[in-house]
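Structure record follows, encoded as structure tokens.
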Amino acid sequence: MQPMNRSTILSRLKEEARSCLAFLPLEKTVSSIMKAKPTWPALRIGDLVAPAPIVQGGMGVGISLSSLASAVANAGGIGVIAANGIGLLEPDYYEDGQAANLRAFRREIRAARQKTKGVIGVNIMVAVNDFHQLLDVAIEEMVDIVFLGAGLPIKNIPVEALRKAKVKLAPIVSSSRAVDMIFRMWKKLYNDVPDAVVFEGPKAGGHLGFTEEQLEDPAYQLKAIVPQIVETLKPYEEEEGRKIPLIAGGGIYSGKDIHQTLSLGASAVQMATRFVATDECDADRRFKEAYVTCKKEDIGLIKSPVGMPGRAIRNSFITDSEEGKRPAFRCAWKCLASCKAQDANYCISIALNNARRGLLKSGFVFAGSNAYRIKKIVPVQTLVSELEGGYAKAVESKIARLLAKLETLKTEYVQTQQLMHELAKRYEEALLTMNNAAHSLKQQYTKAALKVETLRLGMAQTLASTSHILA
């Protein structure tokens, strides 16, 4: 290779200096970034928009009804009415449980609509015997979105009726494999796919879609599963030409948690436990106070009559049942085919309904793993504002770290640029004097130039990351 002549060296230096000008005066860029106010992104499910990326988890047997759902919707999130055991609110539940369920469900949807113009969803368990009847009510009442859990919503889903009523649908899953199975079967059966997906992780309250061994396994936590589901959804998004948002939940407590979850690729979070300790939650105040007064060691697992592990605040009702002390109960109707109430020594719907009414000696409270961190009962709007503030603080902290990195890169970049200039000058002198050091200087210059390019790329990536956070 021929040595570079003087004009070539100068020309390259000018080109490199010119290309770096955009990165050197960082003060103006940093100033504009610092002035930007970080806000959380809206949740968009097709043409459905919730200003806050929060879905209030559906809590059955009367915990999340029209009062809580409408308050969350008014605060910008998606409020959710849970259909499971909703008929226990009706006086004739023991005469006709199914009719009571459908009547109460319809009434609560209509009540929520009267209280808000926000986004109202419903949660229906696929496994319950009146699943299709409840789903028909949701479609007839034209709720905004239906969340389907406790089973795979694949067969006999009235997709055409859902589309006609403009009702969105999101399955609740515990793995990327379940997502792929549901979406593949929907394409085959309906030539369509669900509108969103909810991943409910092992730190959630209530019934869990995991074995006890999986609950603490890192491979089943949000950090591991959320990116997997995001990747699973990509080919379906490309084929459908639309975004299919992932909503992730289970143990999410703070605004910082929301930011971390969205950073994994989720579009929103599902939160249930925190919304229990709110003024608008439909449960008795004694139910809510169980969250405020519980300790970390009080929260544990139960073996539910429905055949799944559950997370609850353990009390004497649970321990008595485990010891075989059977409270007297009468099953109103076979609401769930797989239920083994006799083996478990209690009816879970009755126990949860008693707890909802504040009768904790005759029931128990489902709760997520972080319920013990709750210290007071607050209005829903106060809670959502706290979460938004925590999210903004987390973003600001991340931006501060990126800007500090940017400043470090800039300092090193300037120093390396100065070294390049010095090496170029010395190389030019060596060429003019035919000095034997020319070859070594050329190698040093090439190495410095490569470092400058690497630093320039690092600054560009850091700036892009910062801008992406604020987008």
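The values are calculated or read from the model by the stated rules, or taken from the named source; none is laboratory data. Remember, predicted model here, so these are calculated numbers, not experimental data. Reconstructed Cβ throughout: ideal geometry from the backbone, glycine too, with neighbour counts over all protein chains shown.
Brief remarks on what is shown
- Taken over region 122-168, the criterion of being part of a strand (DSSP E or B) and out of contact with any Asp or Glu (no Cβ under 6 Å at 6 or more places or on another chain) is satisfied by V122, N123, I124, M125, V128, I145, V146, F147, L148, G149.
- Qualifying residue in region 196-208 (condition: touching a helix residue (DSSP H, G or I) at 6+ places or on another chain (Cβ under 6 Å), surrounded by fewer than 16 Cβ atoms within 10 Å (Cβ to Cβ) and not polar (S, T, N, Q)): no
- Any hit, region 207-215, residues being without any contact (Cβ under 8 Å) to a residue 12 or more places away in the chain and closer than 22 Å to A367 by Cα: yes
- Any hit, region 31-41, residues being closer than 26 Å to T416 by Cα, modelled with pLDDT under 85, in contact with an Asp or Glu (Cβ under 9 Å, 6 or more places away or on another chain) and not in a loop (DSSP other than H, G, I, E, B): no
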